[in-house]
Amino acid sequence: AQKITQTQPGMFVQEKEAVTLDCTYDTSDQSYGLFWYKQPSSGEMIFLIYQGSYDEQNATEGRYSLNFQKARKSANLVISASQLGDSAMYFCAMREGPLMNTGFQKLVFGTGTRLLVSP
Amino acid sequence: NAGVTQTPKFQVLKTGQSMTLQCAQDMNHNSMYWYRQDPGMGLRLIYYSASEGTTDKGEVPNGYNVSRLNKREFSLRLESAAPSQTSVYFCASSFDRYNEQFFGPGTRLTVL
């Protein structure tokens, strides 16, 4: 089963408008973390925002905010006042529970959403 | 700070050839990772090193080996390249297992 689901292969938004990128996750762990990364056409992966499962408030970083709904297991990324430079692939990722007995928690990525911002 | 650096940026191999992808970070991070990115599949973890001196398999380790040379460097080796290993390879690092990962620029590998 998919651990991270991003149901929107592509999204379009006009410059200066807000856009929400969806992410749902599946875990039975009580302690986990959710991350969003941006991948522009140049290819690098850029960390945007993090939400811990015990964080009571939604995370915010500048124009990025994370709409965390724990009961629904969703962690949607909201980009306010979109800019042309926001055009990119966006990946949601979850820090999963312990791998084997090492206690190490790996990241599991979704398949991404391509955002296109138009003038 | 250079962050996470990877070499080479591009590589073309013939089936059966071997090569090593190099990765280094200058952020004093303890954990390092190798991922591959294929169209429509997001990123998948190949191997990771939780701390210096340890390495472990991720989701897709077959056909790869790794070496954590020291705290800074983590290399990925393809012993006998196959066309199925055509992909973009990313190295990443994090301070520890809980923190966000920082990625290198990637290596685009084509195996003919």
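Working note: Karplus 6.51/-1.76/1.60 with θ = phi - 60° gives region A:39-53 the couplings 10, x, 5, 5, x, 6, 9, 10, 5, 10, 6, 9, 9, x, 5 Hz, where Gly and Pro are set to x.
For region A:14-119, which chymotrypsin sites (Phe, Trp or Tyr not before Pro) are both in a DSSP coil and crowded by at most 15 other Cβ atoms within 10 Å? Loop-located and lightly packed - A:Tyr54. Between region A:40-56 and region B:1-73, the C-alpha centres lie 20 angstrom from each other. For a paramagnetic label modelled at 7 Å from the Cα of B:Asn62 toward its Cβ, which residues of region B:4-46 fall within the zone defined by backbone nitrogen distances under 18 Å? It comes to B:16, B:36-38, B:44-46, nothing else.
Given R0 = 30 Å, the distance between the Cβ atoms of A:Ser42 and A:Ala71 translates into a calculated FRET efficiency of 0.20.
Which order results if B:Val12, A:Val78 are arranged by neighbouring Cβ count within 10 Å, fewest first?
Values: B:Val12 11, A:Val78 16.
Neighbour counts put them in this order, fewest first: B:Val12, A:Val78.
Between the beta carbons of B:Asp38 and A:Lys16, assuming R0 = 30 Å, the FRET efficiency works out to 0.30 to the nearest 0.05. Given a Förster distance of 22 angstrom, what is the FRET efficiency for B:Phe10 paired with B:Ser84, based on the Cβ-Cβ distance and rounded to 0.05? That gives a FRET efficiency of 0.75.
With the Cα gyration tensor of chain B in hand, give its eigenvalues times 5 under a square root as the equivalent ellipsoid semi-axes, listed largest first in whole angstrom.
Values: eigenvalues 99, 36, 35 Å².
After diagonalising the Cα gyration tensor, the semi-axes are 22, 13, 13 Å.
The simple spin-label model puts a point 7 Å past each Cα toward its Cβ; for B:Asp96 and A:Arg63 those points are separated by 3.5 nm. The length gained by stretching the chain between A:Leu84 and A:Tyr54 to full extension, at 0.36 nm per residue less their Cα-Cα distance, is 7.4 nm.
The numbers here are math on the coordinates, done by the rules we state, and not lab data. Not measured: the values here are computed from a predicted model. A quick note on method: Cβ atoms are made from the backbone with ideal geometry, for glycine too, and the neighbour counts reach across all protein chains shown.
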